[in-house]
1. Residues of the range 69-100 with amide nitrogen under 20 Å from the 7 Å Cα-to-Cβ point of D17?
2. Under 1.5 on a/c is rounded, so check that first for the chain, then, if it is not, pick prolate when a/b is larger than b/c and oblate when it is not; a ≥ b ≥ c are the square roots of the alpha carbon gyration tensor eigenvalues.
3. Identify which of S169, S50, S189 has the largest mean-square fluctuation in a Gaussian network model of the chain, with springs joining Cα atoms closer than 10 Å.
4. Taking only C-alpha pairs under 8 Å that are 6+ residues apart, what is the relative contact order of the range 165-221 in percent?
5. Summing Lys, Arg as +1 and Asp, Glu as -1, what charge do residues with Cβ under 12 Å from the Cβ of S50 carry, S50 excluded?
6. Modelling each spin label as a point 7 Å along the Cα-to-Cβ direction, I'd like the E106/C63 distance in nm, to one decimal.
7. Leaving out same-chain residues fewer than 8 places away, which lysines sit with a Cα under 22 Å from that of K259?
8. Taking only the Cα atoms of the range 8-70, how large is their convex hull per residue, in Å³?
Amino acid sequence: MHIDMDAFYASVEQRDDPQLRGKPVIVAWRAKRSVVCAASYEARQFGVRSAMPAIRAERLCPCAVFLPPAFSRYRAVSRQVREIFKRHTDLIEPLSLDEAYLDVSENKTGLPTATQVARAIRQEIRGELNLTTSAGVAPNKFLAKIASDWKKPDGLFVIRPEEVESFLSPLPVSRLPGVGKVTEEKLTSLGIRTIADLRTKDLPTLESQFGRYGVRLYELARGVDHSPVVADRLTQSISSEDTFEHDVLLAELEPMIRKLAERTWTATRKESRVARTVVLKLKTSEFKILTRSHTPDTPPSSCEELTSIALALRSRVELNAKQRFRLVGVGLANFRDPDDAAMQPALFN
């Protein structure tokens, strides 16, 4: 199953402050370059979404209550949710503070079906934490992830083995993991818009068009996903990158680096561990990839600090000033538990 807490950060804020209930709540710093960390469902009715620039969110929903993120509080609640999961299974694969995969093929409570386990978990979270969650139950991870989003918020959706083909067929190919804008456009150019369309293509055709990912597309179109639930999978790195419509000079990269640093920082706020190393990635017009990294004495503690280090790394790119770049990325790596990260000195710079 896939469990996804509903508007997690915003819901925690509304739970802890009764005056916020029923109001549009946006969790974000009110700064020029800030992005939305979370939006309550009341705010979403105005078109506000996570990762949206905070300035745009304010224009869409001027009546919203803006709150700065309180990540230590969110991490504490996330641990409480995890303890509820552990009552039912030890096979838990966290994706972030607010979502996880659970394998309940065998469960600790002896409930006969995964659906009953999902109901029990949702009831316990509601009763003990006063929060709602949505769950998807299916034969594999890929389908469970789609299912958990099907009846959000506060929903439970089950895809039984005999229903897989009929459920998938009408869905757009964009619902498949790994199908981003570029892949979707390529599929569309081949006359493939739905998963039913994709299923008409044989394996050699998809391999010739998409390489190894063609095999994955072939399997997903048929509801096949052999990925196991991996307990305690730890994040190694998180990054954001952009490919430019036109190649740009190194001196012109500052606005892009600032935007990507903000995006990366927001993504890491769902992590319970902290990152020690900042990474700047560049790809030249000739497709040569360059990376520069720095591990400060203490982990970056703010988006501003991350941005400052990423911009400083740019000065370590020793190329001709006329060299142009087609891609830039900003990442955080070398994740550690908070106590270890604070104590461990920088070994490499």
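Rule-based calculations on the coordinates, nothing more; no lab input. For clarity, every value in this text was computed on a predicted model and none was experimentally measured. Cβ atoms come from the backbone with ideal geometry, glycine included; neighbour counts cover every protein chain shown.
1. 69-78
2. oblate
3. S189
4. 32 percent
5. Within the 12 Å Cβ shell, the charges total +4.
6. 5.4 nm
7. Reachable lysines: K32, K181, K270, K281, K283.
8. Each residue corresponds to 66 Å³ of Cα convex hull volume.
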